[in-house]
Amino acid sequence: MTRFLIVCGAGGLGCGARYLVSLWAGGRWGGGFPWGTLLVNLIGSFLITLVIELSVRSTGISPHLRLALTTGFLGGFTTYSSFNHESTALLLDGHIGRGLVNIGAMLGGCLVAGLLALALARRLAW
C-alpha cells in the first residue's frame with residue numbers, strides 16, 4: 001500500500017507540473033504547435049533515464065525515491081496520449097508539415113534526451 005500511495009502522490013504532482021509547463025509553453029510560443037507536450041516529454045525522457053541509470057549505478061537513490069520520481073512524478077509529467085492526439089489532430093486538420101515535425105521532434109528529441117541523460121548518468125556514477 002505504501003508504494004501505491006507514493007506513486008499516486010508523486011503522480012499528482014507530476015500531472016500538476018505538466019499542466020503548468022504546458023500553460024507556460026503555450027503562452028510563450030503560441031498554440032499553433034503542441035509545444036507544451038513536446039517540452040514535457042523531452043524533459044521527462046531525459047530525467048527518467050538519468051534517475052534510472054543513476055539508481056542502478058549507485059546507492060544514492062532509494063527504491064522508494066526511484067519509484068516516486070519515475071513511475072510517479074515523471075509518469076504523471078510525461079504524456080504519450082496527448083502527443084498521439086495532437087499529432088493525429090494536426091494531420092487530420094491538414095497541417096501535415098506541423099504534424100510530421102511534431103512526430104519527428106518528439107521521437108528524435110526524446111531519443112537524444114535519453115542518450116544524453118544516459119551519458120551524463122554514467123559519467124556521474126563513475
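Matching residues to (1) small (Gly, Ala, Ser); (2) in contact with a Ser or Thr (Cβ under 8 Å, 6 or more places away or on another chain):
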{"site": "40", "(1), (2)": "no, yes"}
{"site": "59", "(1), (2)": "no, no"}
{"site": "72", "(1), (2)": "yes, no"}
{"site": "90", "(1), (2)": "no, no"}
{"site": "95", "(1), (2)": "no, no"}
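So that you can scan it fast, the table gives a plain yes or no per residue for (1) of a type in the set (S, T, N, Q); (2) modelled with pLDDT under 95; (3) out of contact with any strand residue (DSSP E or B) (no Cβ under 6 Å at 6 or more places or on another chain); (4) under 22 Å from residue 113 (Cα atoms):
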| position | (1), (2), (3), (4) |
| --- | --- |
| 4 | no, no, yes, no |
| 68 | no, no, yes, yes |
| 74 | no, no, yes, yes |
| 78 | yes, no, yes, yes |
| 88 | yes, no, yes, no |
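Residues that are surrounded by fewer than 17 Cβ atoms within 10 Å (Cβ to Cβ), within 12 Å of residue 33 (Cα to Cα) and among the hydroxyl-bearing types (Ser, Thr, Tyr) within the range 85-126 are absent altogether. Hey, residue 100 hits all of (1) touching a Ser or Thr at 6+ places or on another chain (Cβ under 6 Å); (2) of a type outside the set (S, T, N, Q); (3) more than 26 Å from residue 119 (Cβ to Cβ) but one; which does it fall short on? Only one criterion is unmet by residue 100, namely (1).
Residues in the range 43-84 that are surrounded by 15 or more Cβ atoms within 10 Å (Cβ to Cβ) and hydroxyl-bearing (Ser, Thr, Tyr): 8 in all.
The values are calculated or read from the model by the stated rules, or taken from the named source; none is laboratory data. Fair warning: this is a prediction, and the values are worked out from it, not measured in the lab. Positions of Cβ are generated from backbone atoms using ideal geometry, with glycine treated the same way; all protein chains shown enter the neighbour counts.
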